[in-house]
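For reference, the structure discussed in these notes is given below.
Bear in mind that the values in this text are calculations on the coordinates, not laboratory data. Note that the coordinates shown come from a computational prediction; the quantities given were computed from them, not determined experimentally. Here the Cβ is made from the backbone with ideal geometry for all residues, glycine too, and neighbour counts use every protein chain on show.
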Amino acid sequence: MNYCSNCGNQVSLRVPEGDHLPRYVCGDCGVIHYENPKIVVGCVPEHDGRILLCKRAIEPRLGYWTIPAGFMENGETLSHGAARECLEEAGAVVEMGSLLAVVNVVHAHQVHVMFRARMPDATFSAGAESLEVELVRPEDVPWADIAFPSVEFALRRYLEDNETNRERHYFADFDRSHWRERNPT
């Protein structure tokens with residue numbers, strides 16, 4: 001950040017009085033600009049035992065498979081955002097289910113929140129951010145071509161829960177230097 005969004009003057013990176021972390025501070029109007037993690041919301045849509053996957057048409061990870069997910073918008077709830085992303089990326093209307101996973105993606109300054117979802121019918125189509133969209137059987141998930149570790153984590157936990165007929169909540173921390181799964185609840 002170079003300029004203040006409040007007054008347009010230059011900002012500097014420093015620890016403001018009463019704080020303990022460096023922040024961008026405007027030397028003219030005094031506004032402190034906080035940079036906080038972004039929230040990514042998504043879901044694992046299922047129809048008749050098959051999971052809806054999208055092949056990415058955008059970077060990062062162009063051409064790799066993912067579940068419908070994206071950045072949450074202001075004014076929406078977590079589950080509404082996940083349902084919106086599913087409609088935008090896969091043309092699919094879903095009935096949102098329970099929370100599946102929360103993954104802290106530390107190096108990207110993101111928190112990924114994934115839900116279970118049910119597709120009442122098999123209607124779907126590739127949106128602007130998807131090259132193609134497919135309903136796949138669990139044994140046909142293209143694990144080597146999954147776009148992100150958080151998506152692989154959510155998909156594997158989803159399938160494990162389906163096998164045991166449970167719906168647990170999962171938490172994990174991912175940083176490029178390490179991966180740590182915490183106990184499910």
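At-a-glance table
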| item | result |
| --- | --- |
| For the chain, built as a Gaussian network whose Cα springs stay under 10 Å, the top-fluctuating residue of H112, H33, H20 | H20 |
| Where Rh is the Kirkwood radius over Cα pairs, Rg/Rh for the chain | 1.06 |
| Neighbourhood net charge (13 Å Cβ-Cβ; Lys/Arg +1, Asp/Glu -1) for V93 | -3 |
| Hypothetical label at E181: residues of region 89-110 whose amide nitrogen lies under 13 Å (7 Å Cα-Cβ projection) | 101-102 |
| Estimated [θ] at 222 nm from DSSP helical runs (n ≥ 4, -39500 (n - 2.57)) normalised by residues in the chain, nearest 500 | -5000 deg cm²/dmol |
| Simple label model, 7 Å out from Cα along Cβ direction - A128 to F71, nm | 1.4 nm |
| Packing-based exposure ordering (other Cβ within 10 Å, fewest first) of I67, I51 | I51, I67 |
| On Cα atoms only, tilt of 149-164 relative to the major axis of the chain in degrees | 40 degrees |
| The chain: antiparallel DSSP beta bridges as a percent of all, rounded to 5 | 70 percent |
| Only Lys, Arg (+1) and Asp, Glu (-1) charged, at Cβ; the chain dipole about Cα centre in debye | 400 debye |
| R137/N36 FRET efficiency (R0 30 Å; Cβ-Cβ; nearest 0.05) | 0.15 |
| Which of S98, S130 has the fewest Cβ neighbours within 10 Å, and the rest in rising order | S98, S130 |
